[in-house]
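Everything below concerns the one structure shown next.
The values are calculated or read from the model by the stated rules, or taken from the named source; none is laboratory data. Since the structure is predicted, the reported quantities are computational estimates derived from the model, not experimental observations. Cβ coordinates were reconstructed from backbone atoms using ideal geometry, including for glycine residues, and neighbour counts include every protein chain displayed.
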Amino acid sequence: MGRELTPIVSRGFRGRRRDEGPPDRVPPGQYVTDDFPVLSAGPTPHVPLDEWDFALVGELDEARRWSWEEFRALPTEEVTVDIHCVTKWSKLDTVWEGVLVDAILDGVQTEAEYAVAFCDGGYTANLPLEDLTGGKAWVAYAYDGEPLDPEHGGPVRLLVPHLYFWKSAKWVRGLQLTTVDEPGFWESNGYHLYGDPWREQRYWGD
Amino acid sequence: MARAAVLGRLTWQVAEALEVVPETPRVKTILLDVPGWPGHLPGQHVDLRLTAEDGYQAQRSYSIASAPGTDVLELTVERIDDGEVSPYLTDELRPGDRFEIRGPVGGYFVWEPSRGGPLLLVAGGSGVVPLMAMLRHLDGAGEDVPATLLFSSRGWEDVIYRDELERLDGGSARVVHTLTRSQPDGWTGYSRRVDPEMLAEVGPATDERPHVYVCGPTPFVETVASALVELGHEPSQIRTERFGPTGG
Amino acid sequence: MQSLKLDGNAAAGLLREVFAVEITTATGTCDGCSSVSAAGAFVAYTQAPGVVLRCPRCDAVLMKVVTDGERFWLDLRGLRSLQL
């Protein structure tokens with residue numbers, strides 16, 4: 001639709017300088033940015049920390065809940081990772097502090113193979129459980145040495161850097177463990193169920 | 001409201017720059033020739049697309065400044081310093097250069113004579129552009145509709161369409177300026193941000209049920225819309241157009 | 001901080017790629033709070049993987065529009081009805 005016309009080149013237009021970056025670190029179709037663009041599908045929620053908790057629900061023996069103090073008492077680590085947004089920017093060497101999702105799932109008995117991250121504001125993202133475990137995913141509360149800014153998902157966001165960044169759900173409040181892969185906010189409307197940037201899994205059928 | 005017209009799906013068209021006219025140090029008006037332009041209503045915008053030689057594309061929306069019925073389509077563009085499209089349009093574009101547009105789009109932030117008046121137009125900075133299309137339409141068509149523009153700019157040199165607004169003031173419209181950052185010597189007008197008191201003084205009163213159009217940066221629009229509701233204007237009488245981060 | 005909140009009007013071009021009629025003057029009923037508003041008065045979030053239009057009263061999602069440049073996906077679950 002709307003592509004009857006071959007785009008005409010505008011003389012002298014180059015666009016913002018696009019740095020493709022090192023090919024072993026920047027997936028196909030991405031460019032490197034030094035900014036940290038803010039994407040948002042809704043208003044930024046502001047939940048006071050004394051009303052905040054993180055929940056593990058769904059297919060498990062017993063739901064678990066952590067208050068902010070309990071969450072912050074879990075073991076933490078600092079990680080430096082590259083992130084890749086489906087809107088085509090990648091950002092290299094981003095520094096985060098967070099709790100490994102392994103620590104949150106520690107000791108949990110479950111038949112589930114999938115999880116849905118759910119968030120303040122109603123956003124959801126689905127992921128296979130094995131992509132959340134094995135040291136690959138964090139619940140991050142700090143970026144670049146500072147508490148995570150609300151516009152970037154604070155107080156905490158999911159951090160799953162090996163998948164497109166829409167999976168790294170902002171304002172995450174918990175994980176629902178599921179036996180079937182339930183499409184999330186974007187995955188139910190065109191975006192890829194899995195979202196591997198190295199295979200350019202942006203949309204359905206990619 | 002008019003019945004939904006079947007318009008057909010929107011396609012990209014070639015536009016050729018005829019002239020680039022400075023309005024203020026940061027703002028320029030681009031005069032365009034668009035063969036087969038279907039015409040537009042005051043308040044509508046176009047999507048504009050630039051393509052680089054390597055195929056990279058960037059797309060933005062710009063309000064139409066010209067009145068309906070004119071041969072030349074005018075867009076007025078504010079330079080966003082870290083933007084991608086507006087610096088090209090304000091600094092690089094020359095007569096004869098071509099890019100693509102599609103439109104007109106947007107049927108909501110539109111004023112047509114059938115809506116009647118009175119009209120209260122509230123603009124912040126380059127938010128004046130779609131409102132100017134309404135004022136030009138009123139002036140050119142000789143519509144007998146009372147219209148007031150309350151226009152917030154940083155300083156006198158930043159007032160877009162200043163000379164034309166001076167000419168319109170007292171004729172087909174009433175124009176009230178507020179200058180929020182700097183004022184020329186002897187300035188007797190408003191010199192603060194738009195607030196409920198200013199809106200009440202400028203009028204029209206709520207019992208005249210004016211059609212209100214507010215356009216500007218998102219915080220400006222939110223402040224003005226809240227103030228209007230606080231004064232007692234019905235929310236359904238207020239139409240807003242926010243300029244967002246895609247304005248670059 | 002830049003604001004990411006815009007009006008439904010900001011999505012007019014995209015919606016005109018999908019619909020052959022002008023949608024911003026259509027009125028939609030929010031399935032959540034039952035309020036009725038013109039699509040041009042919906043709250044639009046365009047800096048996202050897709051465009052999200054929300055209810056101006058209760059912020060519920062009314063429409064999601066995603067395109068890969070060729071295909072379009074529309075989620076209208078939040079709209080009880082759309083009057084054209």
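Given the options C:Arg57, C:Arg77, name the one that is farther than 23 Å from B:Ser63 by Cβ, within 13 Å of the chain's Cα centre (by Cα) and more than 7 Å from every other protein chain (Cβ to nearest Cβ).
From the options C:Arg57, C:Arg77, the qualifying one is C:Arg77.
Do we find a residue being part of a loop (DSSP other than H, G, I, E, B) and either more than 14 Å from A:Ala41 (Cβ to Cβ) or hydrophobic (A, V, I, L, M, F, W, C) (or both) anywhere in region A:114-130?
no
Taking region B:1-24 only, how many residues are surrounded by 11 or more Cβ atoms within 10 Å (Cβ to Cβ), farther than 15 Å from A:Ser10 by Cβ and modelled with pLDDT of 95 or more?
The qualifying residues number 5.
Going through A:Gly145, A:Gly190, A:Gly154 one at a time, which residue ends up being within 14 Å of chain C (Cβ to nearest Cβ) and at positive phi?
After applying the criteria, what remains is A:Gly190.
Please find, within region A:165-182, the residue that is farthest from the other protein chains (Cβ to nearest Cβ) out of those that are assigned to a loop (DSSP other than H, G, I, E, B) and in contact with a strand residue (DSSP E or B) (Cβ under 6 Å, 6 or more places away or on another chain).
Selected residue: A:Asp181.
Can you tell me which residues in region B:87-139 are polar (S, T, N, Q) and more than 11 Å from the chain's Cα centre (by Cα)?
Hits for region B:87-139 are B:Thr90, B:Ser114.
Considering every residue within region B:208-225, establish whether at least one is part of a loop (DSSP other than H, G, I, E, B), over 19 Å from the mean Cα position of the chain (by Cα) and either touching a residue at least 12 places away in the same chain (Cβ under 8 Å) or closer than 21 Å to B:Val77 by Cβ (or both).
There is at least one residue in region B:208-225 that is part of a loop (DSSP other than H, G, I, E, B), over 19 Å from the mean Cα position of the chain (by Cα) and either touching a residue at least 12 places away in the same chain (Cβ under 8 Å) or closer than 21 Å to B:Val77 by Cβ (or both).
How do the pairs read when you match residues in region A:100-112 that are in a strand (DSSP E or B) with residues anywhere that are surrounded by 15 or more Cβ atoms within 10 Å (Cβ to Cβ) and modelled with pLDDT of 95 or more, using Cβ under 7 Å and keeping only pairs 6 or more apart or on different chains?
Cβ pairs passing all conditions: A:Leu100/A:Trp138.
Go through the residues of region A:66-82 one by one and say whether even a single one is in contact with a His (Cβ under 9 Å, 6 or more places away or on another chain), within 14 Å of chain C (Cβ to nearest Cβ) and surrounded by fewer than 20 Cβ atoms within 10 Å (Cβ to Cβ).
No, there is no match, as no residue in region A:66-82 is in contact with a His (Cβ under 9 Å, 6 or more places away or on another chain), within 14 Å of chain C (Cβ to nearest Cβ) and surrounded by fewer than 20 Cβ atoms within 10 Å (Cβ to Cβ).
Restricting to region B:223-240, give me the number of residues that are within 9 Å of chain C (Cβ to nearest Cβ), out of contact with any helix residue (DSSP H, G or I) (no Cβ under 6 Å at 6 or more places or on another chain) and at pLDDT 95 or above.
1
Among the listed residues A:Tyr191, A:Tyr141, A:Tyr164, identify the single one that is aromatic (Phe, Trp, Tyr) and surrounded by fewer than 24 Cβ atoms within 10 Å (Cβ to Cβ).
A:Tyr141
Does B:Tyr108 count as aromatic (Phe, Trp, Tyr) and either at pLDDT 95 or above or touching a Phe, Trp or Tyr at 6+ places or on another chain (Cβ under 7 Å) (or both)?
no
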